[in-house]
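The values are calculated or read from the model by the stated rules, or taken from the named source; none is laboratory data. This is a predicted model, so every value here is computed, not measured. Because the Cβ atoms are built from the backbone with ideal geometry, glycine has one as well, and the counts that use them run over all protein chains shown. Side chains are part of the model used for accessible areas, which takes the heavy atoms of the whole protein and leaves out ligands, DNA and RNA. Shrake-Rupley method; radii C 1.70, N 1.55, O 1.52, S 1.80 Å.
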Amino acid sequence: SLASTAITCFTRGLDLRKGTEDVLCPANCPLWQFYVFGDGVYASLSSVCGAAIHSGVITNTGGAVRVQTLPGQENYPAVNANGIQSQVLSRWASSFSVAAGTKSTALEAVGRSVSTARPSTGKRPKKTLDKKAGNKDCKADIAFLIDGSYNIGQRRFNLQKNFVGKVAVMLGIGTEGPHVGVVQASEHPKIEFYLKNFTATKEVLFAIKELGFRGGNSNTGKALKYTAQKFFSLENGARKGIPKIIVVFLDGWPSDDLEEAGIVAREFGVNVFIVSVAKPTTEELGMVQDIGFVDKAVCRNNGFFSYQMPTWFGTTKYVKPLVQKLCSHEQMLCSKTCYNSVNIAFLIDGSSSIGESNFRLVLEFVSNVAKAFEISDIGSKVAAVQFTYDQRTEFGFTDFATKEKVLSAIRSIRYMSGGTATGDAISFTTRNVFGPVRDGPNKNFLVVLTDGQSYDDVRGPAAAAQKAGITVFSVGVAWAPLDDLKDMASEPRESHTFFTREFTGLEQMVPDIIRGICKDFLDSKQ
């Protein structure tokens, strides 16, 4: 009689060898991790157990499933069923269907399932594990934005696919190595597959081979903007702290403008490379909207991010130098954005003239500014100090590594009530809060919030803070004298000084403070 093979949550149709196979799915697979393409008939890329739960053959308690191999087809639909959202796939080379396995095979499998589910502890499995991990020295999440326009045509499109395939192989894709996805630019951009869809070179190669040529205008700008905004979300598989890269392949020149797309990509912390093939000849230049299109789109106009190939023929020698660029972590200048690379300390006036309810409005302002930044152990950091005549560090830069914890710490700050010694408080913050992070990679900002005249000198301490590399924004409310505010603020003072009569006016300032921090950050990077 047929014995079932025990499989894992992640075994796919294409991992099974026989035309009809009886398998045993384990219990408690994490539903959200399943990749399932189609409905009823599933692309062979799909997880077998995921497809079985999706089609209702088994539940998440596992069980016996009979898998039938079927020919490939066009258009596997996306359908949400039994807690699993299947995904669309436009075409795949083989498929399978699932049905309930028979009880007898299931019983016989129970004895075997343990032994087949765990690989024997020989020397063999170790090697495949390392291959799965990929090239750990290459940290990158990459979108290949390929040219699918009439400019390139079907034949060169296929040569382009071969080149992208060679780059993918040399990158060393794996669970701990680079992850890649592909977007096709033509009239309208189309995301062909995401970072999360495949973590093995073999699968990526297969997916690239299956890409169909779309044709249309080469609206590369539109596709670049779309990719920068939509492709790198955490739910689509982007990883925290790993450089985001878009490699734009351009045959000839774009039919739309790249400048805005380049700006959007930089804002989103994406490093844009342009690989231009068959650059426009002197005669063709008249047809190009913007001759400087490469410089406008790349991350930095320093030569590193642009790459030229004369034709699509004989491109093998261009693979390795491109891969070396994509893997040079420290050159990815656009990964750092004002949202993920700043330290912001809030110096909060706790004097008795403010009162409890206005103090809450101040904390709300602090929260709303902090909320805009990507706070993590490798990202931006926030600290808070409250002052009267004394100073109290509410929390330092390294106390909380997540946005939730920072926001909850801000909410639980208790109002001190007392006098106002702003100068001393600035000196205290420079020394005790910024001191420990002085040599760190992030740019330092201090936001001083006060509602009145300081009893001590603010000019000296503020100048010392600025000399230590801290950019100071002063925010005054009610009776705060404008001279004090200007004396504390960094240059140009007009854009670093804020004032409102009422505490309720703080809310309107939030976007301006965030914008100010981002502007200073970008100016410091030029």
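The single residue among 484, 520 that is of a type in the set (Asp, Glu), open to solvent by 20 Å² or more (accessible area, probe 1.4 Å), closer than 18 Å to residue 341 by Cβ and assigned by the TED database to the domain that holds residue 359 turns out to be 520.
Only residues that are more than 24 Å from residue 161 (Cβ to Cβ) and either open to solvent by 10 Å² or more (accessible area, probe 1.4 Å) or at pLDDT below 80 (or both) were counted in the stretch 263-301, giving 21. Within the stretch 351-390, if we keep just the residues that are assigned to a strand (DSSP E or B) and free of Cβ contacts under 8 Å to residues at least 40 places away in the same chain, the residue that is surrounded by the fewest Cβ atoms within 10 Å (Cβ to Cβ) turns out to be 375. Pairing residues of the stretch 141-164 that are under 29 Å from residue 329 (Cα atoms) with residues that are among the charged types (D, E, K, R) and open to solvent by less than 10 Å² (accessible area, probe 1.4 Å), at Cβ distances under 7 Å and at least 6 apart in sequence or on separate chains, gives 147/251; 160/147.
For (1) more than 14 Å from residue 90 (Cβ to Cβ); (2) touching a Ser or Thr at 6+ places or on another chain (Cβ under 7 Å); (3) in contact (Cβ under 8 Å) with a residue 40 or more places away in the chain; (4) open to solvent by 40 Å² or more (accessible area, probe 1.4 Å), each residue gets a yes or a no:
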| residue | (1), (2), (3), (4) |
| --- | --- |
| 177 | yes, no, yes, no |
| 180 | yes, no, no, no |
| 199 | yes, yes, yes, yes |
| 209 | no, no, yes, yes |
| 214 | no, yes, yes, yes |
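The conditions of being open to solvent by less than 20 Å² (accessible area, probe 1.4 Å), assigned to a helix (DSSP H, G or I) and in the same structural domain as residue 358 (by the TED database) are met by residue 429. Any residue that is at pLDDT below 85 and at positive phi - is there at least one of those in the stretch 49-62? Taking every residue of the stretch 49-62 in turn, none turns out to be at pLDDT below 85 and at positive phi.
Matching residues to (1) crowded, with 21+ Cβ neighbours inside 10 Å; (2) within 18 Å of residue 167 (Cβ to Cβ); (3) not hydrophobic (A, V, I, L, M, F, W, C):
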| site | (1), (2), (3) |
| --- | --- |
| 195 | yes, yes, no |
| 220 | yes, no, yes |
| 236 | no, no, yes |
| 240 | no, no, yes |
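Scanning the stretch 491-513 for residues that are open to solvent by less than 20 Å² (accessible area, probe 1.4 Å), out of contact with any strand residue (DSSP E or B) (no Cβ under 9 Å at 6 or more places or on another chain) and of a type outside the set (Gly, Ala, Ser) turns up at least one hit.
Consider the stretch 432-452 and keep the residues that are without any contact (Cβ under 8 Å) to a residue 60 or more places away in the chain and under 17 Å from residue 521 (Cα atoms). The one that is surrounded by the fewest Cβ atoms within 10 Å (Cβ to Cβ) is 439. Flag not set for residue 401, criterion: among the small types (Gly, Ala, Ser) and part of a strand (DSSP E or B).
Here is a check on your reading of the model: is residue 304 modelled with pLDDT under 95, assigned by the TED database to the domain that holds residue 396 and assigned to a loop (DSSP other than H, G, I, E, B)? Answer is no for this residue. In the stretch 326-350, of all residues being open to solvent by 40 Å² or more (accessible area, probe 1.4 Å) and touching a residue at least 12 places away in the same chain (Cβ under 8 Å), the one that is nearest to residue 502 (Cα to Cα) corresponds to 339.
Residue 137 meets all of the listed conditions (1) acidic (Asp, Glu); (2) surrounded by fewer than 18 Cβ atoms within 10 Å (Cβ to Cβ); (3) touching a strand residue (DSSP E or B) at 6+ places or on another chain (Cβ under 6 Å) but one, namely (3).
Just checking, which of 91, 66, 17 is open to solvent by 70 Å² or more (accessible area, probe 1.4 Å) and outside any strand (DSSP E or B)?
Values: 91 fails: outside any strand (DSSP E or B); 66 fails: outside any strand (DSSP E or B).
The match here is 17.
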